[in-house]
Amino acid sequence: MTTLEQFIDGILRKQPLRRAPPGFEARVLQRLAQQAARPWWLQGFSRWPKAAQLLFLPLAACFVPLLFRAAGSLTGLLQTARYSAPLDAAQSAASTVGNLGRAAHILGDLVMREIPSVWIYGGVGLAALLYAALFGLSAAAFRTLVLTPQHAQY
């Protein structure tokens, strides 16, 4: 430890202990009592009874093949449902939407190839200039109409 660390450590150790706010201690103790009253299976694995801990691993290992069988059955069910009429209608609708999206993409590519890049940059610049003009005119109108104490009498 350096001398600075020792100095700070000495000062901090001389500080008196502070009491918690009045209701805080009671709330903490109540919460700890609630956690201790929970059933063992809702607590952490290390707090389970030893018998339950020892039985958990073999049971978990036995459930793995059952899960694989359930996944296989579900896959077979999905394969048979794949060829049903409502699913075919949904697939055809999805393919139609996909075809429309591809057509829009191709059309956008064609239009972008035909428009010179100078025009695109010019359009973006013009839009920025118009936005700045709108902002400036709005600020001038606000200053004139709202911040002027009294409107000119004609």
re segment 35-78: pairs of Cα atoms spaced beyond 13 Å account for a percent value of 65 percent
From the Cα centre of segment 1-61 to that of segment 86-116, the distance in Å is 59 Å
Karplus-derived 3J(HN,Hα) from phi for segment 23-38 (6.51 cos²θ - 1.76 cosθ + 1.60, θ = phi - 60°), whole Hz, x at Gly and Pro, runs x, 5, 4, 5, 5, 5, 5, 5, 5, 5, 5, 5, 5, 5, 7, 5
Projected onto the charge dipole of the chain (unit charges on the beta-carbon of Lys, Arg, Asp and Glu, signs +1, +1, -1, -1), the Cα from Leu107, Ala70, Leu17 with the largest positive-side position is that of Leu17
Accessible-area order for Glu25, Glu114, largest to smallest, probe 1.4 angstrom, reads Glu114, Glu25
HN-Hα couplings for segment 73-78 via Karplus (6.51, -1.76, 1.60; θ = phi - 60°), in whole Hz with x for Gly/Pro, come out as 5, 5, 5, x, 5, 5
Compactness check, segment 1-120: C-alpha Rg relative to the 2.2 N^0.38 Å globular estimate gives 2.47
In whole Hz, the Karplus estimates of ³J(HN,Hα) for segment 122-132 (6.51, -1.76, 1.60; θ = phi - 60°; x where Gly or Pro) are x, x, 5, x, 5, 4, 5, 5, 5, 5, 5
Counting only protein heavy atoms and leaving out ligands, DNA and RNA, the solvent-accessible surface of Thr3 at a 1.4 Å probe, in Å² to the nearest 10, equals 110 Å²
So the FRET efficiency between Ser95 and Ser73, C-beta based with R0 = 30 Å and rounded to 0.05, is 0.55
CD proxy, 222 nm, the chain: helix-only mean residue ellipticity via -39,500 (n - 2.57) per DSSP H run with n ≥ 4, per residue, nearest 500, stands at -27500 deg cm²/dmol
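The values are calculated or read from the model by the stated rules, or taken from the named source; none is laboratory data. These figures come from a predicted structure and were not determined experimentally. Backbone-built Cβ (ideal geometry, glycine too); neighbour counts: all protein chains shown. SASA here: full protein model, heavy atoms, side chains in, ligands and nucleic acids out. Shrake-Rupley method; radii C 1.70, N 1.55, O 1.52, S 1.80 Å.
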